[in-house]
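Written below as structure tokens is the structure these notes are about.
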Amino acid sequence: MSVIDEPAGRHAGDERPADFGFTSTTVGQKRRMVRGVFDSVARRYDLMNDLLSGGVHRLWKDAMMDWLAPRPGQHLLDVAGGTGDIAFRFIDRARRNAGSAAAQLPPARVTVCDLTPAMLEVGRDRAVDRGILDGIDWVAGNAEVLPVRSASVDVYTIAFGIRNVADIPAALAEARRVLKPGGRFMCLEFSQVQAPVLDRLYDLYSFKVLPQVGRVVARDAASYRYLAESIRKFPSADRFAGMIADAGFRQVKVRLLSGGIAALHSAWNV
């Protein structure tokens, strides 16, 4: 495994307006602020995911793998995947899908790219604990300016990361650039709750409970308040599907999960 520290990218000083949760800022400043959030919560990020979702995030990620159907020999680029959750699932699912032929087929491999080196360190440590010593590269880089060759990967995934990107259209354009012709794009992200009663309960949970749990467990209420705000600022599932199509992807499809709390978007580079 390797960790490659990349610069933030050629747009690091971008002064265009952007939102950091409910706070107005600039694109360049948002990148720095997002990195600060994940520097702060990296070591407790997975624990917090389990506590705050009751473990449901694991079911959503499994649903992502079900739809993706990884295969041996595929090269996945997982963006904003620092702690390795998607990478580990992808490798395991590709091996399981191969069945008895797995030993005769080339293994799946993953490049994990994350803006925050502290998150990558957590993922690398988890890989070692699992005995995964090769097949995953850990790369520090910006989703808007990926340190990856054009048309070089079979699959691009991003799970609970696209809403933290300062320039989402730029990130989608980069996703299409790095995918081979016929490559698959898949995004798992929080969305807008559909049920009238559930949405009010979800707001109460997000803005009252979540920051308090963040304060006690991660010792950082502000970062978890931002995460709640960032979910509310993210486009609806239909609007985001339109942004994916505008980036040049085709066969864009959406699946809502848990009443719209999360959404899976799938598309193809054709």
Problem set entry | Selection within region 242-270 - assigned to a strand (DSSP E or B), open to solvent by 40 Å² or more (accessible area, probe 1.4 Å) and touching a helix residue (DSSP H, G or I) at 6+ places or on another chain (Cβ under 6 Å) | Val252, Val254
For this session: Return only the number of the condition from (1) at pLDDT 95 or above; (2) surrounded by 20 or more Cβ atoms within 10 Å (Cβ to Cβ) that Met119 does not satisfy.
Result: (1)
Exercise. Inside region 155-182, can you point out the residues that are open to solvent by 40 Å² or more (accessible area, probe 1.4 Å) and either aromatic (Phe, Trp, Tyr) or within 18 Å of Thr111 (Cβ to Cβ) (or both)?
Worked result: Arg176, Arg177, Lys180
Seminar exercise, completed: The number of residues in region 129-154 that are out of contact with any Cys (no Cβ under 8 Å at 6 or more places or on another chain) and either open to solvent by 20 Å² or more (accessible area, probe 1.4 Å) or not acidic (Asp, Glu) (or both) is 18
Problem set entry | Set Arg225, Arg215, Arg200, Arg239: member being modelled with pLDDT of 70 or more, of a type outside the set (Gly, Ala, Ser), surrounded by 16 or more Cβ atoms within 10 Å (Cβ to Cβ) and assigned to a helix (DSSP H, G or I) | Arg225
Seminar exercise, completed: Val112 meets each of (1) modelled with pLDDT of 95 or more; (2) among the β-branched types (Val, Ile, Thr); (3) open to solvent by 60 Å² or more (accessible area, probe 1.4 Å) with one exception, condition (3)
Exercise. Got at least one residue in region 84-107 being within 18 Å of Phe190 (Cα to Cα) and modelled with pLDDT of 90 or more?
Worked result: yes
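The values are calculated or read from the model by the stated rules, or taken from the named source; none is laboratory data. None of the values given here were measured: they were computed from a predicted structure. Here Cβ is always computed from backbone atoms with ideal geometry, including for glycine, and neighbour counts include all displayed protein chains. Accessible surface is based on the protein model in full, side chains and every heavy atom, while ligands, DNA and RNA are left aside. Shrake-Rupley method; radii C 1.70, N 1.55, O 1.52, S 1.80 Å.
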